[in-house]
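Just so you know, all these numbers are worked out from the coordinates, no wet-lab data involved. All figures in this text were calculated on a predicted structure; none of them were measured in a lab. Virtual Cβ from ideal backbone geometry, glycine too; neighbours counted across all protein chains shown.
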Amino acid sequence: MDYFSYENGTMYCEGVSLEQIASEIGTPFYVYSAKSFSDSFNTFSNAFKGREKIICFAVKSCPNIGILSLLGSLGAGADIVSGGELHRALRAGINPEKIVYAGVGKTRQEIREALDAGILMFNAESAQELDVLNEEAKKAGKRARIAIRVNPNVDPKTHPYISTGLKKNKFGISVETVREQFRYAAGLDSLDVEGVHCHIGSQLTDVSPFADAAKIMVSLIKDLRADGIDIKYLDMGGGLGITYNDETAPEHEDYAKAILEAAGNLDITLIFEPGRNLSGNAGVLVTRVLYTKDSGTKHFKIVDAAMNDLARPSLYDAYHGILPVCETAETITCDVVGPVCETGDFLAKDRIAADVPVGGLFAVMSAGAYGMSMASNYNSRPRAAEVLVSGGNYYIIRRRETYADLTGPESVPSFLRNR
Ligand code: LLP
């Protein structure tokens, strides 16, 4: 986390004081480092130097159009999973020819929108979806470029909620039957079958499952080419892990080696869909201490960010570092909790943290991925602001929601009006 560091005891992001941002825009807020994004993107890309490749940022991890625009300017494409994500990617100026679209439940309307936009490829996830893609392409007088998402049945050894490449998971088509599905797709008149896709899970801290999956995919590509299907793209999905606490994140070179060894000299364009690897450590959530209290057995730091702002601790028991924005001499074992009315509303449990007093600030670290993107309005809490720091300045890339935003889309039914 070099992009968030202390100077004279207070935390800065690329030379901008987090305390200053907090005093100017209030809390809680997410703050991202542009340099972190660009350095991670370039490191990822350089690991595959000399190979034809497209790096499609997984929009779901950090979908703000300010961030997408930054990544687009670096040459990134987008991995999308909904019409909403397509809208964001296009609004951010991402080249449609670098957009790949996965997801087990694409609606016909979403498919039409993506066809209109001229995206690079649909990653089809079922036999029925192949028919729907074909029908919609035909109706639109277009051809749909597709890959089929293969479920390689490889154990990613990560949290069960974010494992996706096992037979028991809902994703993709089983590797045992997928060759038939490819042949079927190739026979449909409005589809161009050009890719194979897999995504085995998220937050992988070992590269061997990637190597196993890549071997399976490469052997499939050879079979498909032998069947006369001209596969041009190998999309290996995302999933490369990061360090949240004490886990060792794989080096990009080792990840690249695992995949490139399997690919050998195969003539293919590689596609990657990193999300967390680019966004996770690029952002932190800054929150203010509202109250402290002792229950006799526990000390609580009650802060103004909650599970609606950052769901990962409640949902996955995920670890996020909790650091003081202004360093303190004292530490204390505490639960850092939010104002939401649920016992599951915590950002950290039994954590030795800085003894930040009421009014002080904490930075919840490694919150750039699946932080704001999973935020909700639960307990009618307006969602936090988002800020991007670049070149010594900060830019509000999402204003804090207002109460009017909360009720904006709602209405009182006519039979209850004029009471
Ligand atoms: N491609 C596909 C098809 C995916 O489903 C995902 C993530 C990615 C790429 C990006 O994976 P990444 O590189 O970020 O690991 N909410 C969870 C993570 C869910 C991941 C879902 N799919 C969390 O907070 O850990």
Problem set entry | Mean shadow area of segment 246-347, taken as a quarter of the surface of its Cα convex hull (nm²) | 9.5 nm²
Exercise. Where Rh denotes the Kirkwood radius from the mean inverse Cα pair distance, what is Rg over Rh for segment 178-290?
Worked result: 1.11
Exercise. For the residues Cys341, Cys326, Cys56, what sequence is obtained by ranking on other C-beta atoms within 10 Å, fewest first?
Worked result: Cys341, Cys326, Cys56
For this session: For segment 268-419, compute Rh as the Kirkwood radius over C-alpha pairs and then the Stokes-Einstein diffusion coefficient at 25 °C and 0.890 mPa s; write the answer in µm²/s, rounded to an integer.
Result: 142 µm²/s
Problem set entry | Highest-fluctuation residue, Gly15, Gly141, Gly371 considered, GNM on the chain with Cα pairs under 10 Å | Gly141
Exercise. What relative contact order, as a whole-number percentage, does segment 34-277 give when Cα pairs under 8 Å and 6 or more residues apart are counted?
Worked result: 20 percent
For this session: Would you list, by chain and number, the lysines whose Cα falls below 21 Å from the Cα of Lys60, excluding same-chain residues fewer than 8 positions away?
Result: Lys35, Lys98, Lys106, Lys170
Exercise. Tell me, how many Å apart are the Cα centres for segment 172-209 and for segment 354-400?
Worked result: 37 Å
Exercise. Hey, what did the chain get for relative contact order, percent, Cα under 8 Å, at least 6 apart?
Worked result: 18 percent
For this session: Choose one answer from His197, His299, His252: the residue with the largest mean-square fluctuation in a GNM of the chain with alpha-carbon springs under 10 Å.
Result: His299
Seminar exercise, completed: Quarter of the surface of the C-alpha convex hull for segment 59-190, i.e. direction-averaged projected area in nm², equals 8.3 nm²
Seminar exercise, completed: quick note, the chain, DSSP beta bridge pairs, % antiparallel (nearest 5) is 50 percent
For this session: Take every Cα-Cα distance within the chain, group them into 10 Å bins from 0 onward, and report for each bin the whole-number percent of pairs it holds.
Result: 5, 21, 29, 23, 15, 6, 1, 0
Problem set entry | Global form of segment 1-117, assessed from the alpha-carbon gyration tensor, a/c cut-off 1.5 | oblate
Exercise. Counting every Cα pair in segment 34-277, what percent are over 21 Å apart?
Worked result: 54 percent
Exercise. Toward the positive end of the charge dipole of segment 34-277, about the Cα centre and with charges on Cβ (Lys, Arg +1; Asp, Glu -1), which of Val154, Leu130, Gln203 goes farthest?
Worked result: Leu130
Exercise. In what sequence do Lys298, Lys60 fall when counting other Cβ within 10 Å, fewest first?
Worked result: Lys298, Lys60
Problem set entry | Spin-label model distance (nm) - Glu327 vs Ser411, 7 Å beyond Cα toward Cβ | 5.7 nm
Exercise. Farthest toward the dipole's positive end in the chain, which of Ala329, Ala140, Asn8, given Cβ charges of +1 (Lys, Arg) and -1 (Asp, Glu) about the Cα centre?
Worked result: Ala140
Exercise. What is the Cα coordinate range of segment 182-233 on the first, second and third principal axes, sorted by size from largest, in whole angstrom?
Worked result: 41, 20, 16
Exercise. Rounded to the nearest 20 Debye, what is the dipole magnitude of the chain about its Cα centre when Lys and Arg each give +1 and Asp and Glu each give -1 at the C-beta?
Worked result: 1060 debye
Seminar exercise, completed: Note on segment 34-277, DSSP bridge orientation, antiparallel percent to nearest 5 equals 5 percent
Exercise. Which value results when the Cα radius of gyration for segment 296-386 is divided by 2.2 N^0.38 Å?
Worked result: 1.03
Exercise. Cα-based Rg (one decimal) and Dmax (whole number) for segment 49-105, in Å?
Worked result: 10.8, 35
For this session: Please report, in debye to the nearest 20, how large the charge dipole of segment 34-277 is about its Cα centre when each Lys and Arg carries +1 at its beta carbon and each Asp and Glu carries -1 there.
Result: 420 debye
Exercise. Most exposed first by the Cβ proxy, i.e. fewest other Cβ within 10 Å, how do Lys139, Lys35, Lys49 rank?
Worked result: Lys49, Lys139, Lys35
Exercise. If the cut-off is 19 Å between C-alpha atoms, which lysines fall inside it for Lys215, apart from same-chain ones fewer than 8 positions away?
Worked result: Lys53, Lys157, Lys167, Lys232, Lys257
Exercise. Using θ = phi - 60° and the Karplus curve 6.51 cos²θ - 1.76 cosθ + 1.60, what whole-Hz ³J(HN,Hα) does each residue of segment 202-208 get, with Gly and Pro shown as x?
Worked result: 10, 6, 7, 10, 10, 8, 4
